[in-house]
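A short reminder: the numbers here are calculations on the coordinates, not readings from a lab. Quantities reported herein were computed from a predicted structural model and do not represent experimental measurements. We place every Cβ from the backbone using ideal geometry, glycine too, and count neighbours over all the protein chains shown.
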Amino acid sequence: MKGLYFQQGSTNEEIAFVFQEKLLAEMKMEKDFFPVGREVAGIVLDVGSKVSFFQRDDEVVGILPLDSEDPGLCEVVRVHEHYLVHKPEKVTWTEAAGTIRDGVRAYTALHYLSHLSPGKSVLIMDGASAFGIIAIQLAHHRGAKVISTACSLEDKQCLERLRPSVARVIDVSNGKVHVAESCLEETGGLGVDIVLDAGVRLYNKDDEPAVKLQLLPHKNDIITLLGVGGHWITTEENLQLDPPDSHCLFLKGATVAFLNDEVWNLSNIQQGKYLSTYFKGRDGEVVIWCF
């Protein structure tokens with residue numbers, strides 16, 4: 001049974017992808033190969049004796065952990081049961097595997113990091129992205145008022161076609177629209193309760209590329225449009241807040257949380273559960289065996 005791996009070469013060599021037989025002994029010896037693809041979906045063929053969540057013929061979807069030796073682009077994969085969930089019946093295999101990662105990120109941001117509740121206002125930056133679309137749907141499901149930014153005319157048209165509709169779509173593609181002013185206008189000057197950014201601009205215009213200036217708001221804009229007791233969920237891992245920024249957030253009673261792409265994979269390891277699960281994918285058998 002073969003899988004797709006990334007082969008790490010020297011700095012002068014080109015990137016190479018190779019198919020490799022999945023022999024555990026070889027994997028322990030070969031340190032130059034890294035698994036490719038982590039989102040998987042398929043049908044359970046068999047389970048271990050201590051598995052409690054799944055049984056044979058279950059349709060499941062999941063994300064392989066960072067230390068997985070098996071690639072997701074593979075005929076046979078093994079995984080612990082806690083990295084899997086049941087696939088909804090009406091969701092296709094491609095949609096299930098393609099949305100679970102951004103779905104977990106969006107749910108983490110809205111449920112765990114900002115405690116979204118009905119009636120809250122949410123600004124979702126770059127709403128036409130995969131993450132943004134899912135976040136908008138989850139926010140609407142919770143009864144929130146959603147404001148979003150669009151990075152192009154096509155993105156703006158996409159967001160305007162959504163139902164339930166977005167309260168306001170802010171087109172930032174021309175670099176002339178002020179996000180903070182638009183949000184304050186939409187909320188009657190109160191500011192938004194929750195902000196999910198797609199990165200922020202940290203410095204002045206002369207210090208950053210022009211393209212980035214058009215698409216990303218300045219950190220001061222985010223602080224300005226954030227309401228009292230608001231939550232700022234940022235994907236900017238190098239966010240730098242100066243003392244005046246912190247003082248403004250302090251006066252508003254606002255919080256800042258960081259959304260790590262791999263946050264789901266950093267939780268405490270579950271105890272007492274072992275899995276030997278076998279997937280059969282659309283194009284062949286996929287064995288997922290974790291313990």
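Quick notes
- Checking the Cα-Cα distances for Lys145/Lys176; Lys87/Lys156; Lys87/Lys120; Lys87/Lys219; Lys90/Lys120 against a 28 Å cut-off, the pairs over it are Lys87/Lys156; Lys87/Lys120; Lys87/Lys219; Lys90/Lys120.
- For segment 116-263, the relative contact order comes to 20 percent (Cα pairs under 8 Å, sequence separation of at least 6).
- Other-chain or far-sequence residues with amide H under 5 Å of Leu64's (modelled H): Glu39, Val40
- Using the Cβ-Cβ distance between His86 and Asp242 with R0 set to 41 Å, the FRET efficiency from 1/(1 + (r/R0)^6) comes to roughly 0.30.
- Rounded Å value of the spacing that divides the Cα centres of segment 133-174 and segment 43-101: 31 Å
- FRET E, pair Phe250, Leu190, Förster distance 25 Å, beta-carbon r, rounded to 0.05: 0.85
- Highest average packing first - 115-126, 191-202, 160-171, Cβ atoms within 10 Å: 191-202, 115-126, 160-171
- Cβ-based net charge around Leu116, under 15 Å, with every Lys or Arg adding one and every Asp or Glu removing one: +3
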